[in-house]
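The values are calculated or read from the model by the stated rules, or taken from the named source; none is laboratory data. Because the structure is a prediction, the values reported are computed rather than measured. Every residue, glycine among them, receives a Cβ derived from its backbone with ideal geometry; neighbour counts consider all protein chains shown. Note: areas computed on protein heavy atoms with side chains; ligands, DNA, RNA excluded. Shrake-Rupley method; radii C 1.70, N 1.55, O 1.52, S 1.80 Å.
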Amino acid sequence: MTMIFDVFTEATRGTTLSGTVQYRDPDNYGFDQGPAFGLQLIMDAWSERGDFGAGSVSAETEAEFEELYELYFGPKARVDKDGYLLADGSTQVRIPRVKAEEFYKGRIDPYGGRGFSDGVHYIDLTPEPGAFARRTEEIIVSWTIEEDEDDPADADEPEGTSAFFTLEVSDPRYLEHFKKNAFFQTAFTGHLP
């Protein structure tokens with residue numbers, strides 16, 4: 001996966017997080033102005049699982065972040081090698097037997113695929129960008145991002161290669177993994193699938 005931005009964050013102040021994002025390739029991307037970018041940054045820092053300064057979150061918040069990833073990327077339907085759905089938490093075919101293509105008719109991601117992970121076959125289902133956008137509205141209370149057009153310290157860099165952001169969330173638990181300054185890289189751009 002190609003990383004697009006380097007992200008530097010300060011430690012949280014209650015329900016507020018501030019930081020900077022810097023282009024890794026300023027000729028090909030722009031800064032998205034929507035709050036979905038803020039939520040994507042929060043999710044991506046969590047996915048680092050403690051690397052680069054980000055800490056852990058509660059089990060409740062972890063479950064919510066996993067759900068947000070499924071909304072954004074689409075869930076995976078666990079199947080056997082012949083495409084029959086597996087019972088929840090098992091490698092046994094679900095009873096009554098049903099093929100994933102029949103059960104999820106119209107929800108199979110045409111751009112996704114089939115794969116094999118953790119000893120189980122899977123089929124990608126379609127993302128739910130509308131549901132992700134609604135969750136963004138519930139979680140991100142405010143979001144601002146402003147490009148740094150003329151930073152004299154970075155005179156050798158092209159203009160507009162970094163931006164400052166500040167976001168506020170509806171509940172401080174969404175930021176519990178930002179107890180100290182953090183650095184991570186992201187392929188998220190703020191756009192929805």
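Figure legend. Inter-residue proximity from the range 93-119: first residues without any contact (Cβ under 8 Å) to a residue 60 or more places away in the chain, second residues small (Gly, Ala, Ser), beta-carbon distance below 7 Å, spacing 6+ or different chains. Indicated pairs: Arg94/Ala87; Lys99/Gly83; Ala100/Ala77; Ala100/Gly83; Glu101/Gly83; Tyr104/Ala77; Asp109/Gly74; Gly112/Gly74. The numbered conditions (1) over 30 Å from Glu10 (Cα atoms); (2) open to solvent by 40 Å² or more (accessible area, probe 1.4 Å); (3) polar (S, T, N, Q) are all true for Ser56 except (1).
Residues checked against (1) closer than 30 Å to Arg173 by Cβ; (2) of a type in the set (A, V, I, L, M, F, W, C):
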site: Pro96; (1), (2): no, no
site: Arg107; (1), (2): no, no
site: Gly119; (1), (2): no, no
site: Ile123; (1), (2): no, yes
site: Thr126; (1), (2): yes, no
site: Ala133; (1), (2): yes, yes
site: Thr136; (1), (2): yes, no
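Counting only strands (runs of 3 or more DSSP E) that sit wholly inside the range 76-193, those with at least 2 residues that are in contact with a Pro (Cβ under 8 Å, 6 or more places away or on another chain), within 28 Å of Ser58 (Cβ to Cβ) and not charged (D, E, K, R) are 140-147.
Any residue in the range 68-76 that is free of Cβ contacts under 8 Å to residues at least 24 places away in the same chain, within 25 Å of the chain's Cα centre (by Cα) and over 19 Å from Ile140 (Cβ atoms)? No: the range 68-76 contains no residue that is free of Cβ contacts under 8 Å to residues at least 24 places away in the same chain, within 25 Å of the chain's Cα centre (by Cα) and over 19 Å from Ile140 (Cβ atoms).
Residues in the range 84-102 that are under 21 Å from Leu71 (Cβ atoms) and open to solvent by 100 Å² or more (accessible area, probe 1.4 Å): Asp88 only.
Quick one: is Thr161 surrounded by 12 or more Cβ atoms within 10 Å (Cβ to Cβ), modelled with pLDDT under 95 and either within 16 Å of the chain's Cα centre (by Cα) or under 25 Å from Asp44 (Cβ atoms) (or both)? Yes: the conditions hold for Thr161.
The set of residues in the range 8-33 being at pLDDT below 95 and either of a type in the set (A, V, I, L, M) or within 14 Å of the chain's Cα centre (by Cα) (or both) consists of Ala11, Val21.
Restricting the range 112-143 to residues that are surrounded by fewer than 18 Cβ atoms within 10 Å (Cβ to Cβ) and over 23 Å from Phe65 (Cβ atoms), the residue that is nearest to the chain's Cα centre (by Cα) is Gly113.
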